[in-house]
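Working notes, structure below.
The values are calculated or read from the model by the stated rules, or taken from the named source; none is laboratory data. As the structure is a computational prediction, the values presented were derived from the model and not from experiment. Glycine also receives a Cβ, built like all others from the backbone with ideal geometry; neighbour counts cover every protein chain displayed. The protein model used for the area step is the full one, side chains on, heavy atoms only, and it has no ligands, DNA or RNA in it. Shrake-Rupley method; radii C 1.70, N 1.55, O 1.52, S 1.80 Å.
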Amino acid sequence: MQAESLVQLVGSGNLRKVEEEWERLMEEGTVPVERLPEYGTVLEELVRAGNQEMAEALAWDAIESVKEAHGAEEALRVAGPLLLSLSQSAELRTQTVALYREAFANREGLEALIEVAGLDAGSEQSRPVRRALRTVEVCLTLQEGSYLVGRDEDVAARVEKVDPSDWSFELTVMPGGRRQLSAERLADNFAPAAATDFRVQRRFASEELASRLEDDPAGVVIELCRNSGGSIDSDDLELRLVPHIIAGENWKKWWTKARAALKKSSHVVMEGRSPVKISYLASPDSHHDIFVEEFQRTSSPEKRLAVLESYIRDSRTRGEEPSAEVLKNCLKSMTDRASRQSAAGDRKATTTWLCALRAAQLAGEDEIPQAALDYFAALNAPHEALEKVSDGATAELVCSCLERAKGDDAQAILLRAFPNLVLSACDVVGERLASYGCGVAEFEPLVEQILFKPERHFEALLWLWDGGVDREYIPTVALITLLTRLLRTLDETRRSDAFAREQEKEFAGRARSVLSARKYERFMRCLEEIEPQMAAALRTQLSRCESLGRAVREDMLREVARRHPTTVIREEAVPAWKREDVIFVTSAGLARKQSEIEHHVNVKMRDNARAIGAAAEHGDLSENSEYKFALEERDLLRGRLAQMNDEVAKAKVLDPEDISTEFIGPGTRAKFRRTGDGHEMTMTFFGPWEADVSRGWYNYLAPLCQGLMGKRIGDVVEFDITDVSGQYEVTSIHNALVDAEFDI
């Protein structure tokens, strides 16, 4: 995939696809090393979108790939340009320094050069990345006898002496004479050049240059074109050569000879008559030919689609139209392959058809091939085709195919697929369903499905957060409910072994992009809607969510503190059992609460939905008491679900290693002895979801238990309850989570 396509993907918010395509490019090595710096634009776009960490990871992935394949010195050809795209990355800067040390381990004075240039981010002399890199790169190429040309002056220079202890240089500059320069000043004013460079030969070897002009006039002109940005005209050429190198009376004769030689070069284009413009083309092939060659070289439909996208975009950038014949042949190739796979029952046929249809759309083809409609009509699980799309444009195509191929069944197919779609496809399919007349009643079970298993429907959850709940056909869901569910999902994927590292990174990257979109617009709105107590719980949840990355998490915590300043407290100053933003529970207790929520959603709320539907069938709703009762029950069930979700958002699982036995607190087991008669009793303090008085387990949040929290061995407490009234002394405190007899 071309860099431009990846930049567009970043802009669309599909960071998962960006990461996948980047990793594929690096693994397959399809991008030549010399072209990898072009992909710095992708990293810059990621940084602009607030994804600095992802940009750094992708940059180092590219550098490491080149290093493994070609060595450290070749990797530096990539590291420098990519570092320029991420100039604020101290980590990438440090890694680049390490590459220099590896590639030039035997180079005398390397450490001194790194210090003088200010490349090391940790150095006191650290300088801007561009200047530091240029200093190191220029100086490492130089030795006595090396040549340089002026960056801003029409001069050439020869290195006479190099002192690697402080990297000072003595130069002979023509015209100008001797100069003594530091490494930084030299790199600022001069660029390395070959001994055969026209500018060098003009100053230091005029006789050799005269011979070249006679023997290879076209070669000299091409070199001047390349030094001038790709083109030069005959008037400028004459000014450079006459009279210093070619006598005025010899110019016309030489120019006639040079022009005849240039006409034979497939790399040169000459336009106009007086003056003649000479342009040098690195490749004589047209971009149409290059596209055909690249298209034929790739095999997978996804790669071919990416190549086609790049070709169409490149053509329009040039002010041309893509070749109709080329497009026709490529589209035929893709549809023929899809038809063959369909006939053979190949499971890859769906993906191939999706790419072929998208390619046809890009090429301006409005008609969907009958073979594609036949394929979609025969699918046993057509919703799976929609679930495979990675962008909204393709989703639009698939919806059209399903409408024509499946008729009235299309609505049910789209509803079934909806929770499993990518974010951009949710927009398309949601609007399509709304156009069918689907409203809150049809979307409500889908939203419940997304909220109940957000890890399975993460993209749809992001869509709900990013504006889906503002659609009139979507049931009302509080932003704080979506946010806490999103944060909890990120935390669970990070801690659970059930999720692969790649999936965790994918979820985290997508979440950071969506949460920070439009300068945290949705998050700001969410903070306006919540009470201080909920803000305190949100602050705790955010502080624990490592998947958000440091920058995004700090931004969000800063806004919580700004909008709800009373939530910013010194946690160590508040005893754990008094914190209102946290409920301490065991892992088993949390699992039971989650099972309760699951039963609530899948049994109680679904039974209620069926009751509403059955009551609605009885006719006049204004006099229908069963219908009104079912609606009231729905509101109660929704309220209870919101309450349970808020509680789970506050839940913090007790860690046995964090439980102190110096005083009574959540997770401890204490023994008490009555001072009068020596009667003993034991109490274990857990969260509200583990409380079981028959086992001696008490809710630490209960008023009685709150009075015991913080008590130490030897303290005397007063009990005024049946069978245990009187004064009791605390005789021992144990960690209940490590005691074998207290198996939760």
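When residue 402 is tested against (1) at pLDDT 85 or above; (2) of a type outside the set (D, E, K, R); (3) part of a loop (DSSP other than H, G, I, E, B), exactly one condition is not met: (3).
Can you tell me which residue is nearest to residue 60 (Cα to Cα) among those in segment 104-115 that are without any contact (Cβ under 8 Å) to a residue 40 or more places away in the chain and open to solvent by less than 30 Å² (accessible area, probe 1.4 Å)? Working first, answer last.
If we filter segment 104-115 for residues that are without any contact (Cβ under 8 Å) to a residue 40 or more places away in the chain, which is where we start, we get 104-107, 110-111, 114-115.
After this cut, where a residue has to be open to solvent by less than 30 Å² (accessible area, probe 1.4 Å) as well, the list is 110, 114.
Working: 110: 23, 114: 20 Å.
Here the residue is 114.
Criterion applied to 464, 415, 446 was being in contact with a Phe, Trp or Tyr (Cβ under 6 Å, 6 or more places away or on another chain) and part of a helix (DSSP H, G or I), and the one residue passing it is 446.
Could you please let me know if residue 378 is touching a helix residue (DSSP H, G or I) at 6+ places or on another chain (Cβ under 9 Å) and of a type outside the set (Phe, Trp, Tyr)?
Criteria met by residue 378.
Annotation: residue 190 fulfils all but one of (1) open to solvent by less than 10 Å² (accessible area, probe 1.4 Å); (2) touching an Asp or Glu at 6+ places or on another chain (Cβ under 6 Å); the unmet one is (2).
The conditions of being of a type in the set (Asp, Glu) and touching a residue at least 60 places away in the same chain (Cβ under 8 Å) are not met by residue 657. Contact map, segment 251-272: first residue over 17 Å from residue 240 (Cα atoms), second residue among the aromatic types (Phe, Trp, Tyr), Cβ cut-off under 7 Å, separation 6 or more or different chains; pairs are 267/280; 268/280.
Given the criterion surrounded by fewer than 18 Cβ atoms within 10 Å (Cβ to Cβ) and either assigned to a helix (DSSP H, G or I) or of a type in the set (Asp, Glu) (or both), identify the matching residue among 547, 543.
Numbers: 547 fails: surrounded by fewer than 18 Cβ atoms within 10 Å (Cβ to Cβ).
Answer to the check: 543.
With the condition kept exactly as written, say whether any residue in segment 635-642 is over 23 Å from residue 486 (Cα atoms) and either in a loop (DSSP other than H, G, I, E, B) or not acidic (Asp, Glu) (or both). Yes, segment 635-642 contains a residue that is over 23 Å from residue 486 (Cα atoms) and either in a loop (DSSP other than H, G, I, E, B) or not acidic (Asp, Glu) (or both). Taking the criterion of being open to solvent by 20 Å² or more (accessible area, probe 1.4 Å) and in contact with a Ser or Thr (Cβ under 7 Å, 6 or more places away or on another chain), the residues of segment 520-540 that qualify are 532, 536, 539. Has segment 418-428 got any residue that is farther than 22 Å from residue 15 by Cβ and assigned to a loop (DSSP other than H, G, I, E, B)? Checking segment 418-428: not a single residue is farther than 22 Å from residue 15 by Cβ and assigned to a loop (DSSP other than H, G, I, E, B).
Considering 179, 185, the condition of being modelled with pLDDT under 95, open to solvent by 30 Å² or more (accessible area, probe 1.4 Å), out of contact with any Asp or Glu (no Cβ under 6 Å at 6 or more places or on another chain) and farther than 16 Å from residue 204 by Cβ is satisfied by 185 alone.
Contact map, segment 56-77: first residue within 22 Å of residue 134 (Cβ to Cβ), second residue among the basic types (Lys, Arg) and modelled with pLDDT of 85 or more, Cβ cut-off under 7 Å, separation 6 or more or different chains; pairs are 75/67. For segment 15-47, a residue qualifies if it is among the hydrophobic types (A, V, I, L, M, F, W, C) and assigned to a helix (DSSP H, G or I), and the qualifying residues are 15, 18, 22, 25, 26, 33, 36, 42, 43, 46, 47. Scanning segment 293-319 for residues that are farther than 18 Å from residue 4 by Cα and either without any contact (Cβ under 8 Å) to a residue 12 or more places away in the chain or surrounded by fewer than 19 Cβ atoms within 10 Å (Cβ to Cβ) (or both) gives 293, 296, 297, 298, 299, 300. In segment 474-487, the residues that are surrounded by fewer than 20 Cβ atoms within 10 Å (Cβ to Cβ) form Cβ pairs under 9 Å with partners that are part of a helix (DSSP H, G or I) and of a type in the set (Phe, Trp, Tyr), at six or more places apart or across chains, as follows: 475/443; 479/465; 479/523. Only residues that are more than 12 Å from the chain's Cα centre (by Cα) and open to solvent by 30 Å² or more (accessible area, probe 1.4 Å) were counted across segment 505-519, and they come to 2. Can you name the number of the only condition in (1) within 18 Å of residue 368 (Cβ to Cβ); (2) more than 28 Å from the chain's Cα centre (by Cα) that residue 308 fails? Answer for residue 308: the failing condition is (2). Here residue 265 meets the list (1) assigned to a loop (DSSP other than H, G, I, E, B); (2) within 30 Å of residue 135 (Cβ to Cβ) almost entirely, failing just condition (2). Only residues that are modelled with pLDDT of 90 or more and more than 13 Å from residue 588 (Cβ to Cβ) were counted in segment 689-701, giving 4.
On the basis of being modelled with pLDDT of 90 or more and either among the aromatic types (Phe, Trp, Tyr) or open to solvent by 20 Å² or more (accessible area, probe 1.4 Å) (or both), does residue 378 make the cut?
Values: modelled with pLDDT of 90 or more: yes; either among the aromatic types (Phe, Trp, Tyr) or open to solvent by 20 Å² or more (accessible area, probe 1.4 Å) (or both): yes.
Here the answer is yes, as residue 378 does meet what is asked.
Among the strands (runs of 3 or more DSSP E) confined wholly to segment 653-726, which include 1 or more residues that are among the aliphatic types (A, V, I, L, M) and touching an Asp or Glu at 6+ places or on another chain (Cβ under 7 Å)? It would help to see each step written out before you state the result.
Details: elements: 668-674, 680-686, 697-699, 716-719.
Answer list for segment 653-726: 716-719.
Candidates in segment 85-101 are the residues that are under 12 Å from residue 59 (Cα atoms) and more than 19 Å from the chain's Cα centre (by Cα); of these, the one that is least open to solvent (accessible area, probe 1.4 Å) is 96.
Contact annotation: residue pairs with Cβ atoms under 7 Å, 6 or more positions apart or on different chains, pairing a residue in segment 226-247 that is open to solvent by 60 Å² or more (accessible area, probe 1.4 Å) with a partner that is not in a helix (DSSP H, G or I), are 226/280; 235/275. When the residues of segment 649-668 are filtered to those that are surrounded by 19 or more Cβ atoms within 10 Å (Cβ to Cβ) and farther than 15 Å from residue 690 by Cβ, the one that is nearest to the chain's Cα centre (by Cα) is 649. Annotation: of all residues in segment 118-156 being in contact with a helix residue (DSSP H, G or I) (Cβ under 6 Å, 6 or more places away or on another chain), of a type in the set (A, V, I, L, M) and assigned to a loop (DSSP other than H, G, I, E, B), the one that is surrounded by the most Cβ atoms within 10 Å (Cβ to Cβ) is 119.
Scanning segment 507-520 turns up no residue that is free of Cβ contacts under 8 Å to residues at least 40 places away in the same chain and at negative phi. If only residues of segment 565-590 that are more than 21 Å from residue 706 (Cβ to Cβ) and in contact with an Asp or Glu (Cβ under 9 Å, 6 or more places away or on another chain) are counted, the one that is modelled with the lowest pLDDT is 567. A single entry from 677, 692 fulfils the requirement of being among the acidic types (Asp, Glu), without any contact (Cβ under 8 Å) to a residue 40 or more places away in the chain and within 18 Å of residue 731 (Cα to Cα): 677.
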